[in-house]
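One structure below.
We did not get these values from a lab; they are worked out from the coordinates using the rules stated. Since the structure is predicted, the reported quantities are computational estimates derived from the model, not experimental observations. Positions of Cβ are backbone-derived with ideal geometry, glycine not excepted, and every protein chain shown enters the neighbour counts.
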Amino acid sequence: MRDADFEIFRDYMKKSSGLVLTPDKVYLLESRLLPVAKENGFSDLADLAVIIKQGTDAKIMKQVTEAMATHESSFMRDGKPYERFEKIILPQIMENNAASKKIRIWSAACSSGQEPYSLAMLMKEIGAKLDGWRIDIFATDISDHILDKARDGTFTQFEIQRGLPIQYLVKYFEQNGEQWRIKQDVKSMVRFQNLNLLSNIAHIGEFDVVFLRNVLIYFDVPTKAEVLQKVRDVTDDKGFLVLGGAETVMGISEKWKLLKGHNGLYLPADGNFEALEQKCAGISI
Amino acid sequence: MKTCLVVDDSRVVRRVARQIVEDLGFECIEAEDGKQALEQCLIKMPDCVLLDWNMPVMTGIEYLRELRKVEGGNSPMVVFCTTENDMSKIMEALAAGANEYIMKPFDSDIIRSKFEQVGVL
Ligand SMILES: C[S@@+](CC[C@H](N)C(=O)[O-])C[C@H]1O[C@@H](n2cnc3c(N)ncnc32)[C@H](O)[C@@H]1O
């Protein structure tokens, strides 16, 4: 690929989704975009670059953005964040919202739905304690085709074997040959919507906890900071933020602070750390 | 060192599984069918069992039912690892006392994640 074309794609991706492409990603770029070029009748990426540069063909531009996204995910990914959700986050939210009896969860880069569905199943498991509570699980992603898959809720054997306890599979899925489909009562707990984290998100509402996992890793520092700020703006002052295992706010944003001893779990920087740390003292995760 | 009993009538599967569980830090014991596996368990209970379903002499599910009846037989964590991938089979396995269930093909990631789930890792 010519350097000039690489730069066109790099600049476009940065602007459209925040994805940072370094020159060592040329191979990735080629393998993901060649099918897009072919699908649109171009023989190579140079023609596709021309279209992107021109910036008028919204359909092709969207295809490029989607093709470059990495959708890797799994049910109950990394385990511990879900344990923290159950033992620390949820009890605190229930205390905070005792009057409204509402729990508002946002899965902010939900890929094919494993994250919001894991949360929904967890809520089902908790069961009676949540009777009378209204639970809203809002799940968003930039990619329409991955959202279609999420809404459909059908997963391969490979996908359901990573992280999902077998008891959950039996309880919350239906088998369809080699495929496994999440049951309607779990599915109906989740609202999916297309949302670009770089866009204006102020209108989406207010949340008690935001799962923003394994997406900041693709952004550069200013973009990370900007997204962390926007997420703060739609999080309740007593709310929570959960990041992925390789992500941190350190050196990036002053808006959030780590809850000591609980990797990946953040509170608004002016939150009531002392009280929560005391409550968490006896909890080992 | 924790022990893992690998039960499968295929030598190839046992070899691959041995490699994986040893890499995970287990001492590996092998059995070719359910009967051999039960005999091994009566000598010494392993910490976990990676269990095939269809085997000659005694199947995995028959072995599991017997295991859960003997003294100390509730302690091993039993993870099925089988080509049987029907919901009804999974439910049958859970009812017989299985702790987890892997549908073949398997790899080290799946085994690790299932062993973590049952708490032997
Ligand atoms: C690796 S997945 C993470 C999925 C899930 N959160 C997890 O941790 O398993 C990253 C997702 O972020 C989405 N994504 C990338 N850039 C985005 C943006 N600017 N706005 C919203 N979603 C984005 C991708 O489409 C992809 O599905």
Condition broken by residue A:113, with the remaining ones in (1) within 14 Å of chain B (Cβ to nearest Cβ); (2) within 16 Å of the ligand (Cβ to nearest atom) satisfied: (1)
Where residue A:165 falls short, out of the listed (1) within 14 Å of chain B (Cβ to nearest Cβ); (2) within 16 Å of the ligand (Cβ to nearest atom); (3) in contact (Cβ under 8 Å) with a residue 40 or more places away in the chain; (4) surrounded by 15 or more Cβ atoms within 10 Å (Cβ to Cβ): (2)
Selection within segment A:70-88 - more than 14 Å from every other protein chain (Cβ to nearest Cβ), within 16 Å of the ligand (Cβ to nearest atom) and either in a helix (DSSP H, G or I) or of a type in the set (Asp, Glu) (or both): A:81, A:84, A:85
Which numbered condition residue A:183 fails, given (1) within 16 Å of the ligand (Cβ to nearest atom); (2) within 14 Å of another protein chain (Cβ to nearest Cβ); (3) not β-branched (Val, Ile, Thr): (1)
Residue within segment A:24-41 that is over 20 Å from the mean Cα position of the chain (by Cα) and either within 30 Å of residue A:120 (Cβ to Cβ) or not in a helix (DSSP H, G or I) (or both) present: yes
Failed criterion for residue A:101 (all others in (1) surrounded by fewer than 17 Cβ atoms within 10 Å (Cβ to Cβ); (2) within 14 Å of chain B (Cβ to nearest Cβ); (3) charged (D, E, K, R) hold): (2)
Residue within segment B:93-114 that is farther than 21 Å from residue A:76 by Cα, within 11 Å of chain A (Cβ to nearest Cβ) and not in a loop (DSSP other than H, G, I, E, B) present: yes
Hey, residue B:119 loosely packed, with under 14 Cβ neighbours inside 10 Å and closer than 22 Å to residue A:171 by Cα or not: yes
Top-ranked residue in segment A:143-159 [being in contact with a strand residue (DSSP E or B) (Cβ under 7 Å, 6 or more places away or on another chain) and more than 9 Å from chain B (Cβ to nearest Cβ); ranked as nearest to residue A:63 (Cα to Cα)]: A:144
Qualifying residue in segment B:71-85 (condition: crowded, with 18+ Cβ neighbours inside 10 Å and farther than 19 Å from residue B:31 by Cα): yes
